[in-house]
Amino acid sequence: MSAEEAMIQQKGQSNVDSTDTEQKGADRVQFRRMLNHVAHGLFLLSTLVGVVVLGVLLYDIIQTGWKWVDADFLNNFASRFPEKSGVKAPLWGSLWLIGVTAPLTFIFGVGTAIYLEEYAKKNWFSRLIQLNISNLAGVPSIVFGILGLTIFARGWGLGQSVLTGALTMTLLILPIVIVAAREAIDSVPSSLRQASYAMGATRWQTIYKVVLPYSMPGILTGTILALSRAIGETAPLIMVGAVTFVYFTPGNIFDAFTVLPIQIYSWTGLPKEEFQEIAAGGIIILLAILLTMNALAIFLRNKYQQRNG
Amino acid sequence: MAEQTVLTKPAIQVENLDLYYGQKQALYDVSMDVEVNTVTALIGPSGCGKSTFLRTLNRMNDLIPGVQIKGTIRLHGESIYDRNIDVEMLRKQVGMVFQAPNPFPKSIYDNIAYGPRIHGIRNKKTLDEIVEKSLRQAALWDEVKDRLRDRATGLSGGQQQRLCIARALAVEPEIVLMDEPTSALDPISTSKIEELLQELKNKYTIVIVTHNMQQAARVSDKTAFFLNGELIEYNDTATLFSNPANKKTEDYITGRFG
Amino acid sequence: MLKTVESTGVSRFKKKRTWRTSWEGIIPKLLLLCALVSILTTVGIVLTLVIETASFFQDVPFIEFITGTDWTALFSESQQEFGILPLISGTLLVTMGAAVVAIPLGLFSAIYLSEYAPDRLRRTLKPILEILAGIPTVVYGFFAFTFVTPVLRTFIPEMGVFNALSASVVVGIMIIPMIASLSEDAMSSVPRGIREAAYAMGSTRLEVSLKVVVPAALSGIIASFVLGISRAIGETMIVTIAAGATPKLTLDPTESIQTMTAYMVQAAMGDISYGGTVYKSIYAVGMTLFVFTLIMNLLAQYISRRFKEEY
């Protein structure tokens, strides 16, 4: 900052011949510097808006909902009575959903990424797949809900089951996983691939033994972040009919289920004020799960940077 | 393997080799034979095609899209660009060491065992023996024998390159290609590897690309001089350096260009 | 020499069919199947929407759908009207409000992070923005309904509990991180040399930012606006919770409205009969929404490709 200002100062002083223009030039430099300072403040404040909102949001939610969060809250089903309400069904529903979504997205996401990075020729077909993936990333999540409702719930007759929800979520977050996995695979130095081929390794041996181990932390980080998006999604699951009032936890992938975001949504809409506090309690649980997943992702990223750095 | 097959005298025979990167021709009508149990050096200025030529010998150029080859290369009589050649089997016989050391981010042991494992060796004891033998051949065993489980990326540059040589030897190739193997190393590591080459040629046939003419003179039995994709001169190293037949060779080795 | 070739006899490099070589052939086909899943997803979305929407237009004339000014799909059958304009106006109202909030704040944040922020501060701020981007939309909806709306109502007492304003503001906040990070990416890829040239001529940091960096990164910045807007159009839970469920052709942000997405949720939550006109209207509205966002996404891709500066 100071070097740059000195430069401006110098320029204002040296560049002029008469004292009059010199004075004007100096004034102008003063003005330009002031503008810069004002803008600096404005830009900083704008950035802080996001930080402040996040702080207010977290404070508001914790302050509203904390008193409801206890062991009973985790072990009770939803109820007409606020004091008997809990998140048992949606909590287990969310965990089931993520448990089924994770392997599906991992297999299809990493499979696609390997195909595009290691096998596909650079022709119209691979460009079509890429264009398609970037467009899918921009499709509103509720539209995936319509797809899930039509194909999985009704078309395949899976109904309002965990599997329907997981398949829908898989398609929704697949673009995120593919992009992250491609980046991770792309970052594998080509010298390692060459070393492997030079010893007579086949393409798949090279991928399986060199490329994937090297890129795995990056792939896992991307997958976890994508899953944390899935765990917070509401609209597509409403569309596929993940019902709100569930008084049991799923026993297998064909059982009906609900998830935390849907439960939070339905509590938010209830007239009794206590239910909004309970909704905040549910949000605390949801955010705690998200925080855990993010911490895991950061942990993996750091481990990865240490190892390859 | 070597016991079952009668190995013919020249290890590699190259005849009328042309190579194209897409439209651009990079090698012009190269013909040369490489003798068994010798060190053959390929020299020439940057971009002359010597590395490209080296990579045709184990078909590493196949990995670059748009590369086309005309002419024939025979390995102990068998044409390696024939339609139904298994490039993996070929590369197992023709190993390669690269310009910059490129150990896998795995343990020293796993680096050496990588090749044998992909070729189907699972037995722990056999692998142990191969690892020790390869590391000994690469003159690295004494330095690393107590830390085989350490990450290979923690070794010094010179050690890493000897590890890469050991890794290439672990699949028991007949021929080892080296693409400027010492260009990223300090002088002491370089001389260690040069000594090593003299040991290795008793068992292997070595083709080495080098940017450094002194190195070629020090380590090789035969030297090939490339310029603009053409093989200008190929002769015994002593002859080529003391009494070059071609004016261009003379200009290059006396430092008039390159 | 030829003689010795013949004497070798044994071919050592001939391809043999083994378990391994067939596996090598199968792998790419399996991976291709994975890649086809994303193609099939697109095909599935388009087919699903087109088929049910076509069937919807057999019940409701297309012209009535796109020009009608009343949307009363969930009323009793005799009073049903399917004019989508109120849902579109509700969506656009929220989207414009969100853009007014998010575009300046997002752009300014990006300029700050890319041009002004000291390294350590940037390393603190960026993860915070990432967290903001990772908050589930239902949480934003809750925040809009239980916090932002009451605060706004202290300033505008006549405003209802459900209103477009609160939803717009919160949708805007939600897309700030997206605009900020995409714009910052675009600005960071402007080469240092260009900045240094401007500094060497005596420019202030502000002048370098606004006259050199922003113009050079403009295609990426505009693309980030378009993507942010597309995201706002498709946003569902915030508007469902905070903006109300009363389709209304209005541009007054203090009123309760309904967006396309909020209608779809309301209809899906309700007790509607499978295969009826109301059921099919979800697809018709979904199709409209899909077309809107697809156009925005293609526009963003076009802008970032067409006007990209090559360095």
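All of the numbers you see were taken from the coordinates with simple rules; none came from a lab. Model, not experiment: these values are computed from the prediction. All Cβ positions, glycine included, derive from the backbone under ideal geometry; neighbour counts span all protein chains shown.
Note down the magnitude of the dipole of the protein assembly as shown about its Cα centre, charges +1 on Lys and Arg C-beta and -1 on Asp and Glu C-beta and zero elsewhere, to the nearest 20 debye. The dipole magnitude comes to about 2020 debye. Per-residue mean of foreign Cβ neighbours for C:39-47 is 6 (Cβ atoms of other chains, 10 Å radius). For the stretch C:17-97, the list of chymotrypsin sites (Phe, Trp or Tyr not before Pro) that fall in a loop by DSSP and count at most 15 other C-beta atoms within 10 angstrom reads C:F75. Distance between the pseudo-spin-label points of A:Q63 and C:Y302 (7 Å out from Cα toward the beta carbon): 4.8 nm.
The 3J(HN,Hα) values that the Karplus relation (6.51, -1.76, 1.60; θ = phi - 60°) gives for the stretch C:144-151 are, in residue order, 4, 6, 9, 10, 5, 4, x, 4 Hz. Gly and Pro appear as x. In this structure, the pairs whose alpha-carbon distance is over 27 Å, taken from B:K125/C:K14; A:K121/C:K308; A:K209/C:K29; B:K106/C:K16; B:K50/B:K133, are B:K125/C:K14; B:K106/C:K16; B:K50/B:K133. Label zone of C:I26 (point 7 Å out along Cα→Cβ, amide N under 19 Å): in the stretch A:178-219 this covers A:202-209. Working note: Karplus 6.51/-1.76/1.60 with θ = phi - 60° gives the stretch B:161-173 the couplings 5, 5, 4, 5, 5, 4, 4, 5, 6, 5, 8, 6, x Hz, where Gly and Pro are set to x.
Counting only Cβ charges, +1 for Lys and Arg and -1 for Asp and Glu, the dipole size of chain B around its Cα centre is about 640 debye.
Mean-square fluctuations from a GNM of chain C, with a 10 angstrom spring cutoff on Cα atoms, peak among C:G160, C:G276, C:G193 at C:G193.
The slack between C:E81 and C:T246, meaning 0.36 nm per residue of separation minus the straight C-alpha distance, is 58.1 nm. The C-alpha atoms of chain A define a longest principal axis, and helix A:212-232 lies at about 70 degrees to it. Residues whose amide H falls under 5 Å from that of B:L42, counting only those 5 or more places apart or on a different chain, are B:I208, B:V209, B:T210, B:A224, with hydrogens built in the peptide plane. In this label model, B:R256 and B:T239 are separated by 2.2 nm, measuring between points 7 Å along each Cα→Cβ vector. Near B:Q68: Cβ cut-off under 15 Å, other residues only, Lys/Arg at +1 and Asp/Glu at -1. The net charge is +2. Residues considered: C:A200, C:A186, C:A35. Largest GNM mean-square fluctuation over chain C, using C-alpha springs under 10 Å, is found at C:A35. Here the protein assembly as shown yields Rg over Rh of 1.07, to two decimals, using C-alpha coordinates and the Kirkwood radius. Most fluctuating residue of A:G41, A:G251, A:G138 in a GNM of chain A with Cα springs under 10 Å: which is it? Fluctuation is largest for A:G41. Taking every residue in A:269-280 and counting other chain Cβ atoms within 10 Å of its Cβ, the average works out to 2. Length gained on full extension, C:T154 to C:Y274: 38.8 nm, using 0.36 nm per residue less the C-alpha separation.
Screening chain C for whole DSSP H helices with an alpha carbon extent of at least 20 angstrom along the helix axis and a mean Kyte-Doolittle hydropathy of at least -0.5 yields C:19-59, C:85-111, C:119-134, C:164-188, C:218-234, C:277-306.
Within the stretch C:41-147, none of the GluC sites (Glu not before Pro) combine a DSSP coil assignment with at most 12 other C-beta atoms in a 10 angstrom radius. Checking the cross-link filter: which lysines have an alpha carbon closer than 28 Å to that of A:K272, excluding same-chain neighbours under 8 positions apart? Once the sequence-local lysines are set aside, what remains near A:K272 is A:K67, A:K84, A:K88, C:K248.
Near B:V97, the amide H atoms lying under 5 Å from its own belong to B:L177, B:M178, B:D179; only residues 5 or more places off or on other chains count, and H is placed 1.01 Å from N. Counted by Cβ distance under 15 Å from A:I62, the other residues give a net charge of -2, where Lys and Arg count +1 and Asp and Glu count -1. Annotation: amide H-H contacts under 5 Å for B:D29 (H modelled 1.01 Å from N, sequence separation of 5 or more, or interchain): B:L17, B:D18, B:L19. Assuming R0 = 60 Å, can you tell me the calculated FRET efficiency for the pair B:I64 and C:F62, based on Cβ-Cβ distance, to the nearest 0.05? About 0.65, to the nearest 0.05.
A straight line joining the Cα centroids of the stretch A:198-266 and the stretch B:74-144 runs 39 Å. Using Cβ point charges alone (K and R +1, D and E -1), the dipole size of the stretch A:71-308 about the Cα centre works out to roughly 820 debye.
Computed from phi, the 3J(HN,Hα) profile of the stretch A:160-171 under the Karplus parametrisation 6.51, -1.76, 1.60 (θ = phi - 60°) reads 8, 9, 3, 4, 4, x, 5, 5, 4, 5, 4, 4 Hz, with x in place of Gly and Pro.
Which trypsin sites (Lys or Arg not before Pro) in the stretch A:23-99 pass both tests, a DSSP loop state and at most 13 other beta-carbon atoms within 10 Å? Sparse-neighbourhood loop trypsin sites (Lys or Arg not before Pro): A:R80.
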